[in-house]
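These notes concern the structure reproduced below.
Nothing in this text is a laboratory measurement; each read-out follows from the coordinates by a stated rule. Because the structure is predicted, anything quoted here is derived from the model rather than measured. Cβ sites come from the backbone with ideal geometry, for glycine too, and all protein chains shown count toward neighbours.
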Amino acid sequence: MKTIQSIVVVGATGMLGSKVSRILKEEGCSVTAVVRNTQKIEEIESPNVDL
């Protein structure tokens, strides 16, 4: 049985943070995204990401 990890990504809409968030989602992690620019949240929205 695989354990789902919960991870917080600060700067999730930035260049590095968006890539990290995407990879973590693909790996099945539960991601909590901390963002400064709310206009960019569409880029990271998904069922596994809490904003």
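Residues in the stretch 11-39 that are of a type in the set (S, T, N, Q) and not in a helix (DSSP H, G or I): 4 in all. Within the stretch 24-40, residues that are touching a residue at least 24 places away in the same chain (Cβ under 8 Å) reach partners that are part of a helix (DSSP H, G or I) with beta carbons closer than 7 Å, at six or more positions or on different chains, in the pairs V31/S21; V31/L24; V31/K25; A33/S21; V35/I41.
Within the stretch 21-51, being surrounded by fewer than 16 Cβ atoms within 10 Å (Cβ to Cβ), among the aliphatic types (A, V, I, L, M) and within 9 Å of the chain's Cα centre (by Cα) holds for I23, V34, L51. Among the residues of this structure, I4 does not count as one that is among the aliphatic types (A, V, I, L, M), surrounded by fewer than 14 Cβ atoms within 10 Å (Cβ to Cβ), assigned to a helix (DSSP H, G or I) and out of contact with any Phe, Trp or Tyr (no Cβ under 7 Å at 6 or more places or on another chain).
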